[in-house]
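Have a look at the structure below, then the notes.
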């Protein structure tokens, strides 16, 4: 049985962690980005299908392309963040079960002609992995700014061309300027959203 995390760890991951939109100019190293993935990859997915695919946008030229594809309200954050992660999903994830689930019949669970079922499965497990990615980034001292509000077809064409990958969401990464945080928004109480049967 695992021991509960220390209060300080829970604060870093959940209770004190925030969505950030303003950033310092402190860089994020390649080693840190690799470490984030190397933590996030251990989170569970359906049948160990692991559909998340990542592109880290950092160079000025690539950042300019991305800024043009996000909504006006997100542009300043993407421009200022040292890195923005494009968190996509592989719509051919079922082709990798020889590596990810050897000896299983997991590939037979998916009919490639049923595009809706494939997309739903990829997005469900890919979204789980996206959540693990945010927690891994926070655990390693990064601040995160996950967001929607982008031209999905444009991102797919620009950053995932020639692949079966499709964008799920994007997440600015770096070291935040906490002086520009908005007041924390409310959350539902347990009894408003949950029941124990």
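Limited to the range 69-95, what total is found for residues that are touching a residue at least 40 places away in the same chain (Cβ under 8 Å), out of contact with any strand residue (DSSP E or B) (no Cβ under 8 Å at 6 or more places or on another chain) and more than 22 Å from residue 175 (Cα to Cα)? Talk me through it step by step, then tell me what you get.
Going through the range 69-95, the residues touching a residue at least 40 places away in the same chain (Cβ under 8 Å) turn out to be 69-71, 73-74, 76-78, 80-94.
Restricting the remaining residues to those that are out of contact with any strand residue (DSSP E or B) (no Cβ under 8 Å at 6 or more places or on another chain) gives 73, 76, 92-94.
Narrowing further to those that are more than 22 Å from residue 175 (Cα to Cα): 92-94.
Here the count works out to 3.
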Being surrounded by fewer than 18 Cβ atoms within 10 Å (Cβ to Cβ) and either assigned to a helix (DSSP H, G or I) or free of Cβ contacts under 8 Å to residues at least 40 places away in the same chain (or both) is the filter here; which residues of the range 43-53 pass it?
46, 48
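Tally up the residues in the range 65-100 that are part of a loop (DSSP other than H, G, I, E, B) and surrounded by 16 or more Cβ atoms within 10 Å (Cβ to Cβ), please.
At the first step, the residues of the range 65-100 found to be part of a loop (DSSP other than H, G, I, E, B) are 68-69, 71, 81-82, 91-92.
In the following step, the residues that additionally are surrounded by 16 or more Cβ atoms within 10 Å (Cβ to Cβ) were identified as 69, 81-82, 91.
Summing the residues that are part of a loop (DSSP other than H, G, I, E, B) and surrounded by 16 or more Cβ atoms within 10 Å (Cβ to Cβ) in the range 65-100 gives 4.
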Among the residues listed as 11, 17, 40, 35, the single one being within 25 Å of residue 152 (Cβ to Cβ) and modelled with pLDDT of 95 or more
40
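Quick check on residue 125: is it touching a helix residue (DSSP H, G or I) at 6+ places or on another chain (Cβ under 7 Å), surrounded by fewer than 16 Cβ atoms within 10 Å (Cβ to Cβ) and either modelled with pLDDT of 95 or more or over 24 Å from residue 20 (Cβ atoms) (or both)?
Values: touching a helix residue (DSSP H, G or I) at 6+ places or on another chain (Cβ under 7 Å): yes; surrounded by fewer than 16 Cβ atoms within 10 Å (Cβ to Cβ): no; either modelled with pLDDT of 95 or more or over 24 Å from residue 20 (Cβ atoms) (or both): yes.
Criteria not met by residue 125.
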Of the residues that make up the range 151-161, is at least one buried (at least 17 other Cβ atoms within 10 Å of the Cβ) and part of a loop (DSSP other than H, G, I, E, B)?
yes
Among the listed residues 24, 7, which satisfies the condition of being at negative phi, free of Cβ contacts under 8 Å to residues at least 12 places away in the same chain and over 16 Å from the mean Cα position of the chain (by Cα)?
7
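The values are calculated or read from the model by the stated rules, or taken from the named source; none is laboratory data. These numbers come from a predicted model, not from an experiment. Cβ atoms come from the backbone with ideal geometry, glycine included; neighbour counts cover every protein chain shown.
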